[in-house]
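Written out below as structure tokens is the structure these notes cover.
The values are calculated or read from the model by the stated rules, or taken from the named source; none is laboratory data. The model shown is predicted, which means the values in this text are computed figures rather than measured ones. As a convention, Cβ positions derive from the backbone with ideal geometry for all residues, glycine included, and neighbour counts pool all protein chains shown.
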Amino acid sequence: MRRFFSYYRPYKGLFMLDFCCAILAGLLELAFPVAVNQVIDKIMPQNNFKYVLLASLGLFMFYIINTILQYIVVYFGHVLGVNIETDMRNELFEHLQHQPFEYYDNQKTGKLISRLTTDLFEISEVAHHGPEDVFITIMTLIGSFILMFRMHAQLAFATFALIPLITIALVVFNKKMTTVNTEIYDNLGEFNAGVEAAVSGIRVTQSFANEAHEKARFYYLSDLYRRSKIVFYKVMAISSSYNYLMIRLINLFALIFGSYFTIKGELTYGQFVGFILLANVFVRPIEKVNNMIESYPKGIAGFRRLTQELDKKPTIVDQANAITVDHLTGNISYQDVSFSYADHTKVLNQISLEIKAGETVAFVGQSGSGKTTLCNLLPRFYEATSGTITIDGINVQDMTLASLRHQIGTVQQDVFLFPGTMRENIAYGKLDATEAEILHAVKLAHLEGVIGQMSEGLDTIVGERGVKLSGGQKQRVAIARMFLKNPPILILDEATSALDTETETVIQESLNSLAKGRTTLIIAHRLATIKHATRIVVMSDQGILEEGTHEELMAKKGPYRKLYDAQFHDETSKN
């Protein structure tokens, strides 16, 4: 609860406005039965209608004030709730941004989207109504009991006799519904993940004619979510029905016992009417409990899942004394570097390697030999299990993540483009880039011809993940981004392996231009594209097997020569 209420701190003024108005509105509700009691017992016996009108006018003013208070409570209270919900969502998004690659290796995108959206929908209602509903319910119950007790003690106790039963039911049903809601959110996360995968992979589904399979899987996830909600509404229906009966019994008790004591002469007619009205005021917050039982468990379950996510601290963070680096020349050193995943799968074992500034070093080897992992350790997308990695003699762990990653650019085989325009995607490399800088990057990346053929030019929408562009065009957009970023260190992760020969030649020219004057690490699949490298490092799951220039390694007739001959033979056979 302390953690939940910490989100109210930025909105103390708004909370106090909402809370105080809600309390005042509740007190005015209690005043009406007392006023009716006085009108019937003291004003009406005078047989002067003028006094009745004056009393009614006074009550009307009460209603006007209460109307204004209700507006403030409903509007500003919900503004408070929405603000708190937004702060929670922003905090969660920022938290997710700081999680390392390994975290996302084990997550489903749809489930994370669910955490950011549906999990928090009910939070605003709980944040708005939570404190005030609980306080006003208690205040109204106590206030109405005191007024009823002053009218007739025995009648007041008779009316309150059912409160313990309602309280017990509230605790039991609230606990059950919170548990059910947590399950609903889990199933909804799986459902969203399934939908996201099904929609993203629709082209694969259609190419394999597996629509029936995907439909069956979707129906299963949808039915799982449906059954969870049915369980929730079953518990809610039992709770609502139970509370409905208890509330009606309270009204019935007030009517029966009130009539009895009025007939006996222990209550005046005004007190009897006032008591009945107080009983209605008394049951109103109990009726509100039914709404609380429906919305609160949802909000509590959502907040619980939020805190569970926030408690997963990023494993890669800035050190306490991390420095901000403005420029690096690119002298890289790996010293006895090892890496294992969280499940203890070992990828690298005591790798040592020196790379001089301006060198172009290519990493080759079979899949799973650790080429990509070794390069990903440099910008700390993953954290080395042991050993040290330095750039210009500075340990990468001693630099702030933001400044380190500003100095390193990565072009990957699977280029991700945001749903927007060509201009927006290119400018992602430098968000404040001028039009002239963007056009220069376009020229260097050999994108001029592509953009010239587009009806909207740079303002052409590229579609979801750049679906309207070919693989080569997307690669050139990624290269243009990198020209804008202009980092001193460059990582090329199999950037041309999925392209046709003609497109690869154009892309390779762009990459060669991009690599000039930079320390470049190339993860290569097609060995013909790395002959120009200053050095080639051959890797296996045992570590570094050999290194040297293309000519040196071919002359050694070692692992590199075997890889090259095998690939050249395969390509010759295909031709």
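Which of (1) free of Cβ contacts under 8 Å to residues at least 60 places away in the same chain; (2) surrounded by fewer than 18 Cβ atoms within 10 Å (Cβ to Cβ); (3) under 30 Å from residue 187 (Cα atoms) is the odd one out, the single condition residue 103 does not satisfy? Going through (1) free of Cβ contacts under 8 Å to residues at least 60 places away in the same chain; (2) surrounded by fewer than 18 Cβ atoms within 10 Å (Cβ to Cβ); (3) under 30 Å from residue 187 (Cα atoms) one by one, residue 103 breaks only (1). Selection over segment 186-214 of residues that are surrounded by 13 or more Cβ atoms within 10 Å (Cβ to Cβ) and assigned to a helix (DSSP H, G or I) gives a count of 16. Just one of the listed residues (113, 146, 123, 138) is within 18 Å of residue 247 (Cα to Cα) and either surrounded by fewer than 22 Cβ atoms within 10 Å (Cβ to Cβ) or touching a residue at least 60 places away in the same chain (Cβ under 8 Å) (or both), and it is 138.
Of the residues making up segment 455-471, those that are at pLDDT below 85 and surrounded by 13 or more Cβ atoms within 10 Å (Cβ to Cβ) are 462, 465, 466, 468, 469, 470, 471. Inspect all residues belonging to segment 534-543 and state whether any of them is crowded, with 18+ Cβ neighbours inside 10 Å and modelled with pLDDT under 85. No; the residues of segment 534-543 include none that is crowded, with 18+ Cβ neighbours inside 10 Å and modelled with pLDDT under 85. For beta carbons closer than 8 Å, sequence separation of 6+ or different chains, a first residue in segment 250-271 that is assigned by TED's automatic domain parsing to the domain that holds residue 33 and a second that is of a type in the set (D, E, K, R), the qualifying pairs are 268/41; 269/41; 270/41; 270/42; 271/41. Return yes when residue 125 is farther than 30 Å from residue 271 by Cβ, at pLDDT below 80 and touching a His at 6+ places or on another chain (Cβ under 9 Å) and no when it is not. Answer is yes for this residue. Restricting segment 387-410 to residues that are more than 14 Å from residue 333 (Cα to Cα) and assigned to a strand (DSSP E or B), the residue that is modelled with the highest pLDDT is 399.
Looking at 451, 408, just one residue is hydrophobic (A, V, I, L, M, F, W, C) and under 23 Å from residue 535 (Cα atoms), and that residue is 408. On the given criteria, is residue 178 assigned to a helix (DSSP H, G or I), touching a Pro at 6+ places or on another chain (Cβ under 8 Å), over 26 Å from residue 258 (Cβ atoms) and of a type in the set (S, T, N, Q)? Here the answer is yes, as residue 178 does meet what is asked. Return yes or no: is residue 256 touching a helix residue (DSSP H, G or I) at 6+ places or on another chain (Cβ under 7 Å), among the β-branched types (Val, Ile, Thr), within 20 Å of residue 163 (Cβ to Cβ) and in a helix (DSSP H, G or I)? Considered against the rule, which asks whether it is touching a helix residue (DSSP H, G or I) at 6+ places or on another chain (Cβ under 7 Å), among the β-branched types (Val, Ile, Thr), within 20 Å of residue 163 (Cβ to Cβ) and in a helix (DSSP H, G or I), residue 256 comes out as no.
Residue-wise test of (1) within 22 Å of residue 429 (Cβ to Cβ); (2) in contact with a Ser or Thr (Cβ under 7 Å, 6 or more places away or on another chain); (3) aliphatic (A, V, I, L, M); (4) in contact (Cβ under 8 Å) with a residue 12 or more places away in the chain.
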residue	(1), (2), (3), (4)
360	yes, yes, no, yes
385	no, yes, no, yes
391	yes, no, yes, yes
406	yes, no, no, yes
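For segment 308-354, the set of residues classified as aliphatic (A, V, I, L, M), within 19 Å of residue 103 (Cβ to Cβ) and crowded, with 18+ Cβ neighbours inside 10 Å consists of 347 only. With respect to the stated conditions, residue 289 is of a type in the set (Val, Ile, Thr) and either at pLDDT below 80 or farther than 30 Å from residue 370 by Cα (or both).
For every residue, the table says whether it meets (1) buried (at least 17 other Cβ atoms within 10 Å of the Cβ); (2) in contact (Cβ under 8 Å) with a residue 60 or more places away in the chain; (3) aromatic (Phe, Trp, Tyr).
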| position | (1), (2), (3) |
| --- | --- |
| 356 | no, yes, no |
| 366 | no, yes, no |
| 369 | yes, yes, no |
| 376 | yes, yes, no |
| 380 | yes, yes, no |
| 394 | no, yes, no |
| 420 | no, no, no |
| 441 | yes, no, no |
| 447 | yes, no, no |
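Residues that are crowded, with 17+ Cβ neighbours inside 10 Å and assigned by TED's automatic domain parsing to the domain that holds residue 150: does segment 64-71 have at least one? Scanning segment 64-71, I find at least one residue that is crowded, with 17+ Cβ neighbours inside 10 Å and assigned by TED's automatic domain parsing to the domain that holds residue 150, so the answer is yes. Of all residues in segment 210-230, those that are farther than 14 Å from residue 199 by Cα, charged (D, E, K, R) and in contact with a helix residue (DSSP H, G or I) (Cβ under 8 Å, 6 or more places away or on another chain) total 1.
Is there a residue in segment 232-241 that is surrounded by 15 or more Cβ atoms within 10 Å (Cβ to Cβ), out of contact with any Leu (no Cβ under 6 Å at 6 or more places or on another chain) and farther than 30 Å from residue 307 by Cβ?
Step one: of segment 232-241, the residues surrounded by 15 or more Cβ atoms within 10 Å (Cβ to Cβ) are 232, 235-236, 239-240.
Filter again for out of contact with any Leu (no Cβ under 6 Å at 6 or more places or on another chain), leaving 232, 235-236, 239-240.
From what's left, farther than 30 Å from residue 307 by Cβ: none.
The answer is no; no qualifying residue exists.
Only one of the numbered conditions (1) surrounded by fewer than 17 Cβ atoms within 10 Å (Cβ to Cβ); (2) touching a residue at least 40 places away in the same chain (Cβ under 8 Å); (3) farther than 21 Å from residue 134 by Cβ is not met by residue 165, and that is (3).
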